[in-house]
Amino acid sequence: MSKKKVIWIIIAVAAAAGIGLFLLLRAHRLRVIAERQLLVPIEGAVIQHDADTKNELPVADVVITASDGVRSATTHSDAAGHFKLVLQKRVLSEEPITVTFRNPRYEPLDLTVQTGRLQTKPQLYIAAMIPVVQKTATGSNHPPIQVANIRVRYTLNSRNENNVGFAVRTFQVVNKGDVPCDHQSPCSPDGKWKAASATLPLDAGADNSFQNVTASCIAGPCPFTRIDSSGFIHGGRKISVTALNWSDTATFLLEAEVYHSAINSEVRELYPVKFGQTLNFTLPPTQEGVSLEAEIDGAPMVFPLGPNLSLSWAACNVRTGTEEQEKTTVYRCELKPGYRF
């Protein structure tokens with residue numbers, strides 16, 4: 001075999017080996033990519049289907065499940081109807097994701113989410129669920145019970161401060177002037193003269209506080225004194241004033257206004273807004289003792305709305321507003337079967 005043929009054979013073998021290695025590495029890379037998990041976020045809101053947009057109310061406690069046939073994730077809608085879940089799926093898989101919505105008071109609803117091989121386009125999903133028509137009992141001639149003249153009562157607590165007095169105290173810092181410090185603390189600010197200091201503490205008592213506090217030197221060699229205001233500058237129940245004197249005895253005066261703090265409770269009322277079979281109302285974040293007053297078939301009744309939001313004639317839920325400055329509380333109550341406004 002000639003030398004030229006040997007060279008060509010070597011080149012061919014090397015090329016084949018290189019191509020084989022490339023294909024092997026490429027297959028391994030594709031396998032690794034295919035085994036990676038792609039996170040698919042699915043977010044949206046569940047509302048009640050209605051031709052009138054004013055009646056497209058949020059639906060809470062809906063069981064929401066997303067599945068691609070291999071993996072699944074489940075969550076529930078909150079009081080505002082909001083839901084968010086994340087499903088893990090394999091990269092390079094284009095299998096669609098089926099999202100199911102289930103609640104016994106609404107007809108089943110399924111949505112399909114189309115996914116890409118490497119990423120899924122973000123989207124907000126709105127699930128409009130159709131209410132199940134309530135069937136009346138066979139042979140029942142009882143008309144629905146009327147709920148009328150609904151009012152919401154609640155207590156709003158606020159803290160008030162009232163000026164109840166004025167505190168005045170004097171105290172002295174006894175010292176002898178013209179005495180060198182000789183490095184024996186306390187000394188004058190420049191370190192030359194021997195000084196003395198005294199502290200006067202004051203306690204305003206329970207539920208009281210000092211405000212607008214002032215301190216001053218009123219007698220003696222005041223130019224050679226210094227007052228430390230760190231103990232009273234912010235006021236409060238307990239304050240103190242410290243005075244430093246590096247001359248003869250000086251007299252100091254402390255003055256402060258005394259304020260008493262008390263909680264004021266105010267009972268308020270409002271009328272909820274009714275949309276279809278639901279009523280809605282919003283209360284401030286500091287509300288307490290919420291109750292509903294209503295006439296049930298003409299009879300006036302009071303229904304305390306405790307932490308369980310339990311009413312005999314309505315199912316209620318509550319959510320907190322998202323505004324950072326004032327987190328209001330939003331209530332929503334839907335009539336139970338057998339009742340009407």
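The values are calculated or read from the model by the stated rules, or taken from the named source; none is laboratory data. This one's a predicted model, so the numbers in the text were calculated from it and none came from an experiment. FYI the Cβ positions are ideal-geometry reconstructions off the backbone, even for glycines, and counts take in every protein chain you see. With ligands, DNA and RNA removed, areas are computed over all heavy atoms of the protein, side chains included. Shrake-Rupley method; radii C 1.70, N 1.55, O 1.52, S 1.80 Å.
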How large are Rg and Dmax for the stretch 163-284 when calculated on the C-alpha trace, in angstrom?
25.0, 89
Hey, with R₀ at 51 Å, roughly what FRET efficiency would VAL330 and VAL164 work out to, going by the Cβ-Cβ distance, to 0.05?
0.85
Sequence of TYR271, TYR154 when ordered by accessible area, the most exposed leading, probe 1.4 angstrom
TYR271, TYR154
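Do any of LYS54/LYS327; LYS84/LYS274; LYS84/LYS121; LYS54/LYS274 go past 18 Å between their Cα atoms, and which? Spell out each step's value before the answer.
Values: LYS54/LYS327 24 Å; LYS84/LYS274 29 Å; LYS84/LYS121 15 Å; LYS54/LYS274 10 Å.
From the list (LYS54/LYS327; LYS84/LYS274; LYS84/LYS121; LYS54/LYS274), the Cα-Cα distance tops 18 Å for LYS54/LYS327; LYS84/LYS274.
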Can you compute 3J(HN,Hα) from phi for each residue in the stretch 73-86, using the Karplus curve 6.51 cos²θ - 1.76 cosθ + 1.60 with θ = phi - 60°, rounded to whole Hz and x for Gly and Pro?
9, 10, 8, 10, 6, 8, 5, 8, x, 6, 9, 7, 9, 10
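Compute, for the stretch 180-298, the length of the dipole vector about the Cα centre, with Cβ point charges of +1 (Lys, Arg) and -1 (Asp, Glu) only. Units Debye, rounded to 20. Working shown, then result.
Numbers: 7 positive and 14 negative charges, 136 e Å.
Computed about the Cα centre, the dipole is about 660 debye.
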